[in-house]
Number of protein chains: 2
Amino acid sequence: MVAEKSPLTYKDAGVDIDAVTTALKSVGDMAKATHKDPRVLTGLGSFGALFKADFGDMKEPVLVSSTDGVGTKLMVARRMQRFHTVGADLVNHCIDDILVMGAHPLFFMDYVAAGHFEPGMVESIVSGFANACQEQGVALIGGETAEMPGLYGRGDFDLAGFIVGVVDRADVLGPERVTANDVLIGLPSTGLHTNGYSLAQKILFENAGLSPDDTLPGLEGSVGDALLATHRCYLPELGPLLKDSGLHALAHITGGGFTDNLPRVLPEGVGAVVNRDAWEVPPLFAEMARLGPVDRDEMDRTFNMGVGMILVVERSQADRVLDDLGKRGATPTLVGHLEAAERGVRYEGSREL
Amino acid sequence: MVAEKSPLTYKDAGVDIDAVTTALKSVGDMAKATHKDPRVLTGLGSFGALFKADFGDMKEPVLVSSTDGVGTKLMVARRMQRFHTVGADLVNHCIDDILVMGAHPLFFMDYVAAGHFEPGMVESIVSGFANACQEQGVALIGGETAEMPGLYGRGDFDLAGFIVGVVDRADVLGPERVTANDVLIGLPSTGLHTNGYSLAQKILFENAGLSPDDTLPGLEGSVGDALLATHRCYLPELGPLLKDSGLHALAHITGGGFTDNLPRVLPEGVGAVVNRDAWEVPPLFAEMARLGPVDRDEMDRTFNMGVGMILVVERSQADRVLDDLGKRGATPTLVGHLEAAERGVRYEGSREL
């Protein structure tokens with residue numbers, strides 16, 4: 001006698017649509033709280049998200065888009081089972097990426113994937129997206145949450161974010177405005193932001209044998225806290241400056257550090273000179289260089305070294321811009337200048353870590 | 001004597017920036033081939049992608065956005081080491097998701113993540129994005145490629161896509177237009193599209209012990225070929241119909257099948273009646289139901305059952321729309337109608353699989 005096989009369901013394959021649907025309902029409520037902009041046309045259907053293309057008195061509006069992930073910073077979040085901050089990392093990273101083109105953000109969408117969502121995990125991740133969006137006045141208008149057993153290992157997950165902003169064409173920042181006579185003004189980062197986490201974890205956890213709860217000389221909290229510090233959003237400090245004629249370009253110091261990111265805003269025939277002694281490298285970076293050890297040049301090509309955003313400013317306007325930033329509570333530092341040279345970065349100063 | 005540790009580099013942590021940079025160069029060339037729309041403002045900087053917000057004579061342009069992944073169809077691609085089709089799946093899925101709002105696509109961005117990229121893998125994946133974008137006249141204007149050892153297992157990878165399109169507000173399709181007097185017209189899918197792959201693999205590979213090279217009764221090629229059939233893009237067939245006043249709504253049959261997707265375009269007090277005998281279910285679905293076994297209702301809540309897109313059309317216009325579609329080479333079928341009833345789907349017909 002052959003036993004009849006009991007019918008298979010989608011849930012048997014590890015996918016529980018109902019559980020995901022419940023999580024998505026609470027997520028939807030969080031997203032709705034970010035829909036204060038009347039251009040968000042909610043309730044008009046559900047397959048795609050609608051945003052009215054009304055850009056006020058802009059003469060030639062240009063949409064500026066970017067997509068990014070959080071990288072292996074997620075592994076630290078998983079290790080610490082702290083999921084509510086990585087969403088903000090991604091929102092802020094995306095805002096900074098379009099800010100450097102001169103754009104103000106309009107809306108954001110998220111992609112969240114995992115092999116299995118523990119109860120509360122999706123809500124925790126999306127609360128990070130929603131809170132950061134609300135803080136910066138960005139509408140969280142859509143997203144995809146995918147539970148994929150087999151594709152991701154248990155406990156593994158990944159995030160991606162997509163942002164769209166707008167800038168008037170005449171206000172687009174970039175290499176076209178930059179001259180060899182400009183100076184470089186740096187704004188502090190909050191930590192590693194979202195770059196260099198593979199190397200950081202190898203140094204701190206694997207080689208030095210530290211745990212996230214340990215601390216290091218000069219560090220206020222734990223190593224884990226320092227590593228999960230939220231990627232700084234520079235919109236509050238830089239938003240009011242975007243139409244300033246003295247501001248020529250902005251470089252977001254992400255993967256590749258100063259070495260790879262500064263050249264992205266330099267025209268041919270213009271090189272950057274960065275004075276390594278101009279600012280104090282935060283303890284986390286100094287300790288990683290010591291523990292690795294990691295060479296000075298490799299550090300500068302991997303990490304932001306405490307400076308997450310660089311303003312390229314007309315030399316004659318530098319004092320005024322520094323003053324302006326200071327008045328808004330920012331702590332800017334003159335970190336270098338441009339020169340007639342091959343496109344690239346030349347380092348000066350004696351700093352060793 | 002203590003041996004001096006040799007300095008660590010980012011490459012030691014498993015991340016080879018140079019290798020990824022080389023792959024990205026060829027990817028950049030593929031993307032450029034999709035930039036025929038003069039609204040793509042390339043060469044204007046690199047942190048964010050620029051697209052001119054010029055929507056011709058639209059009275060009240062509305063941006064329509066969507067984000068999605070390919071789901072566990074990626075596991076089939078990995079198993080077959082065939083990476084050039086999943087990008088097209090994602091582009092077409094995203095286009096279909098905004099098409100159902102009445103929107104034409106403008107630009108697309110991709111997110112590609114893996115633990116390690118074998119040589120040629122990124123190029124292969126992105127060629128799928130680029131070819132599908134070119135075919136449908138969509139600009140591939142940006143993307144993020146992340147190599148994350150430790151976060152993804154060796155061989156594992158994931159993709160996400162993000163699309164922005166535009167529709168004139170008066171032309172937005174959806175439940176507001178739908179009445180209990182409408183009929184349902186279906187367009188054939190090419191296969192599973194991008195949904196139900198966890199259950200499909202459990203049935204075919206795990207329970208039935210098939211390999212991707214095996215075949216099944218009624219199937220023309222191998223099981224693997226059938227599973228990797230590219231998600232159909234309905235833009236060529238439906239694009240010319242979007243402003244037709246007889247077309248009230250479109251439902252993209254994705255995760256949740258007819259059962260979950262049809263109600264998304266129904267107003268309160270209107271139910272859908274689907275006649276299961278109206279079309280022939282393709283062999284792949286019938287075989288999965290038999291091999292599972294999987295109940296008829298569970299099949300209809302998981303898979304598209306051979307119908308990937310539903311048009312909700314004014315009853316008096318149905319013949320003309322069917323005729324119109326046929327003239328453009330489509331093979332539409334009347335699959336049901338709407339009625340005054342609770343919002344939901346009621347099935348008719350005797351079809352068993």
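Which members of the stretch A:155-169 meet the condition of being surrounded by fewer than 19 Cβ atoms within 10 Å (Cβ to Cβ) and out of contact with any Asp or Glu (no Cβ under 7 Å at 6 or more places or on another chain)?
A:155
Could you tell me whether residue B:185 is in contact (Cβ under 8 Å) with a residue 24 or more places away in the chain and more than 9 Å from chain A (Cβ to nearest Cβ)?
Yes, satisfied.
Could you tell me whether residue B:190 is of a type in the set (Val, Ile, Thr) and modelled with pLDDT of 95 or more?
yes
Kindly establish whether residue A:350 is among the hydroxyl-bearing types (Ser, Thr, Tyr) and not in a helix (DSSP H, G or I).
It is true that residue A:350 is among the hydroxyl-bearing types (Ser, Thr, Tyr) and not in a helix (DSSP H, G or I).
Which of (1) under 22 Å from residue B:229 (Cα atoms); (2) small (Gly, Ala, Ser); (3) out of contact with any Leu (no Cβ under 6 Å at 6 or more places or on another chain) does residue B:318 not meet, given it meets every other one?
(1)
Could you grab the pairs with beta carbons closer than 8 Å, sequence gap of 6+ or different chains, first residue in the stretch A:294-312 and basic (Lys, Arg), second one part of a loop (DSSP other than H, G, I, E, B) and at pLDDT below 95?
A:296/A:351; A:296/A:352; A:296/A:353; A:301/A:256
Among the candidates B:247, B:227, which residue alone is closer than 18 Å to residue B:90 by Cα and of a type outside the set (Asp, Glu)?
After applying the criteria, what remains is B:227.
Does residue B:120 fit the bill of being of a type outside the set (Lys, Arg), touching an Asp or Glu at 6+ places or on another chain (Cβ under 7 Å), at positive phi and not assigned by TED's automatic domain parsing to the domain that holds residue B:196?
Judged against the criteria, residue B:120 is not a match.
Looking only at residues that are assigned to a helix (DSSP H, G or I), of a type in the set (A, V, I, L, M) and closer than 22 Å to residue A:149 by Cβ in the stretch B:44-97, which one is farthest from the other protein chains (Cβ to nearest Cβ)?
Selected residue: B:80.
Count, please, the residues in the stretch A:190-223 that happen to be in a loop (DSSP other than H, G, I, E, B) and either within 14 Å of chain B (Cβ to nearest Cβ) or out of contact with any Pro (no Cβ under 8 Å at 6 or more places or on another chain) (or both).
16
Of all residues in the stretch A:233-258, which are at the interface with chain B (Cβ under 10 Å from one of its Cβ atoms) and polar (S, T, N, Q)?
Scanning the stretch A:233-258 gives a single hit, A:254.
Which count do you get for residues in the stretch A:203-213 that are surrounded by 14 or more Cβ atoms within 10 Å (Cβ to Cβ) and within 19 Å of residue A:74 (Cα to Cα)?
The qualifying residues number 5.
So residue B:322 clears everything in (1) touching a Gly at 6+ places or on another chain (Cβ under 9 Å); (2) under 17 Å from residue B:186 (Cβ atoms); (3) surrounded by 16 or more Cβ atoms within 10 Å (Cβ to Cβ) except one condition, right? Which one?
The single condition residue B:322 does not satisfy is (1).
Among the residues of the stretch B:77-136, which ones are small (Gly, Ala, Ser) and in contact with a Phe, Trp or Tyr (Cβ under 7 Å, 6 or more places away or on another chain)?
Once the filter is applied, which keeps residues that are small (Gly, Ala, Ser) and in contact with a Phe, Trp or Tyr (Cβ under 7 Å, 6 or more places away or on another chain), the stretch B:77-136 yields B:77, B:87, B:113, B:114, B:115, B:124.
I need every pair where a residue in the stretch A:135-153 that is facing another protein chain (nearest Cβ under 10 Å) and in contact (Cβ under 8 Å) with a residue 12 or more places away in the chain has its Cβ under 7 Å from the Cβ of a residue that is polar (S, T, N, Q) and part of a loop (DSSP other than H, G, I, E, B), sequence separation at least 6 or different chains.
A:148/B:72; A:150/B:72; A:151/B:72
The values are calculated or read from the model by the stated rules, or taken from the named source; none is laboratory data. Just so it is clear, the structure is predicted and the values come from calculations on it, not from any experiment. Here Cβ is always computed from backbone atoms with ideal geometry, including for glycine, and neighbour counts include all displayed protein chains.
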